[in-house]
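Structure, as structure tokens:
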Amino acid sequence: MQTFKNSSSGAIILSIADRIVENRAYLSEIDGKIGDGDHGVNMAKGFSMAAERLKGQDSSLAGAFDLLGTLLMTEIGGSMGPLYGVMFTNFSESIASKDVIDAALFSQMLHAGLEAIQSIGSAKVGDKTLIDAFVPAVEAFDSATANGKSFVEALSALSDAAEKGRDSTINLIAKIGRASRLGDRSLGVLDAGATSCTIILTTLSIGIANRLQAA
């Protein structure tokens, strides 16, 4: 069985922050086509603040999730701060008491974050939101483990499904938020939330895969 240590994995958040900052302009460009155009700026602000506080610290993954989630909920504007904030804080709560994380616990963590987002929003798959990346990613991870795949193989399946879910939003009409006012004019554009969610999930998966050890 493959596992990784909670106590020494907080640096994964630094990698996610780097990827969000690298894609700041791209995320805002996408968002600007059907939204407010501030998604990349807001996300980069929150993740950069978290990275600054985590640098040089030997933080656990749970601790880093908690710090990031709190900052996103309290320090950045837009609709995504509360959504990602509650996701990360619930990620943290689900693993806070655990020293070692296996595939089953990681699945519980993913579900806790997803359910938290769904509890404060009404979006579902097909509405052109981050849910279009998040739900298939979680389902792919669970399907892989149920079929006997290893933790690292399930992480790869998660990443692939997130990317496909993100790409599916090009052909969707927005049904939630400001973009929903555009109707058919929202076709042909990636959803910024689904794009940032994919960056988060794929970078998280890479960071975990690099830390997996045989139990």
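Derivation of every value follows stated rules applied to the coordinates shown; laboratory data play no part. Being a predicted model, the structure only gives us computed values, none of them experimental. When we count neighbours, we look across all protein chains shown, and the Cβ atoms used for this are built from the backbone with ideal geometry, even at glycine.
Helix 12-22 and the longest principal axis of the C-alpha atoms of the chain enclose an angle of approximately 20°. Here are some pairs, 98/164; 45/175; 5/45; 33/128; 55/164; 5/149; which of them have Cα atoms lying more than 23 Å apart in this structure? Distance filter (> 23 Å) returns 98/164; 45/175; 5/45; 55/164. So what's the angle, to the nearest 10 degrees on a 0 to 90 scale, between helix 103-120 and the longest Cα principal axis of the chain? On a 0 to 90 degree scale, this one is about 30. Estimated from helical segments only, the mean residue ellipticity of the chain at 222 nm is -21500 deg cm²/dmol, where each DSSP H run of four or more residues counts as -39500 (n - 2.57).
When the chain is described by a simple charge dipole with +1 on each Lys and Arg Cβ and -1 on each Asp and Glu Cβ, the residue from 95, 212, 165 located farthest towards its positive end is 165.
Legend: ranking of residues 74, 89, 129 from fewest to most surrounding C-beta atoms inside 10 Å; resulting order 74, 89, 129.
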